[in-house]
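The values are calculated or read from the model by the stated rules, or taken from the named source; none is laboratory data. Small disclaimer: the values here were computed from a predicted structure and weren't measured. Don't worry about glycine lacking a Cβ; one is built from the backbone with ideal geometry, like all the others, and counts go over all protein chains shown.
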Amino acid sequence: MKTDKIDIRVRYAETDQMGVVHHGNYALYLELARIEWFRKIGISYKKMEQDGIALPVVSLNVNYKKTIEYDDIITVKTMLKKTPTASLEFEYEILNDLGQILSTATVVLVFVDLKTNKPTRPPKYFLDALGK
């Protein structure tokens, strides 16, 4: 399936008193990477919401292997796990500049129709973008 990578420099505000990235910021890194993944296949979260489709996170799992510290440049690798149905599942690897895996994660999102607030299939233009 489709894979993408982005680089992020860790900001001071994202670290704790020990200079280590606070665990709560990992979700932010994953979201930044996911939004870029969407952009690179030509899909906008904003447009999907304007079209009445939301993508709430229903599951987030992070495995911490090594610490990430202030001013590190990390690479977040985003991989779509399978062709989406009503859900969309991503796997992630966060790597340092030596290519070492610092953490792994999975995130599951669900396509939700904003009018009914119920799960729905992905829009056709989303599936078409995956086929490119």
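Tabulated values for the structure
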read-out	value
Residue that is modelled with the lowest pLDDT, among those in the range 88-132 that are acidic (Asp, Glu) and under 28 Å from Tyr26 (Cα atoms)	Asp97
Residue ID - farthest from the chain's Cα centre (by Cα), chosen from residues in the range 55-78 that are of a type in the set (A, V, I, L, M) and within 17 Å of Ala27 (Cβ to Cβ)	Ile68
Contacts under 7 angstrom Cβ, first residue in the range 95-120 being on the phi < 0 side of the Ramachandran plot and in contact (Cβ under 8 Å) with a residue 24 or more places away in the chain, partner among the charged types (D, E, K, R) and in a strand (DSSP E or B), 6 or more apart	Ile101/Glu93; Thr104/Glu93; Thr106/Glu89; Thr106/Glu91; Val108/Glu89; Val112/Lys118; Thr120/Asp113
Hits in the range 31-75 (condition: part of a helix (DSSP H, G or I) and in contact with a Pro (Cβ under 9 Å, 6 or more places away or on another chain))	Met48
Selected residue (only one of Thr85, Thr78 is touching a residue at least 24 places away in the same chain (Cβ under 8 Å), in contact with a Phe, Trp or Tyr (Cβ under 7 Å, 6 or more places away or on another chain) and outside any helix (DSSP H, G or I))	Thr78
Per-region count, the range 14-39, residues under 17 Å from the mean Cα position of the chain (by Cα) and surrounded by 14 or more Cβ atoms within 10 Å (Cβ to Cβ)	13
Single residue of the range 88-121 satisfying the filter (basic (Lys, Arg) and not in a strand (DSSP E or B)) that is farthest from Asp7 (Cα to Cα)	Lys115
In the range 1-13, the residues that are under 17 Å from the mean Cα position of the chain (by Cα) and part of a loop (DSSP other than H, G, I, E, B)	Met1, Lys2, Val10
Residue match in the range 3-23 (condition: closer than 30 Å to Lys115 by Cα and either in contact with a helix residue (DSSP H, G or I) (Cβ under 9 Å, 6 or more places away or on another chain) or of a type in the set (Asp, Glu) (or both))	no
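Residue-wise test of (1) under 24 Å from Thr120 (Cβ atoms); (2) in contact (Cβ under 8 Å) with a residue 60 or more places away in the chain; (3) out of contact with any strand residue (DSSP E or B) (no Cβ under 9 Å at 6 or more places or on another chain).
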{"position": "Asp7", "(1), (2), (3)": "no, yes, no"}
{"position": "Ala33", "(1), (2), (3)": "no, no, no"}
{"position": "Lys46", "(1), (2), (3)": "yes, no, yes"}
{"position": "Asp72", "(1), (2), (3)": "no, yes, no"}
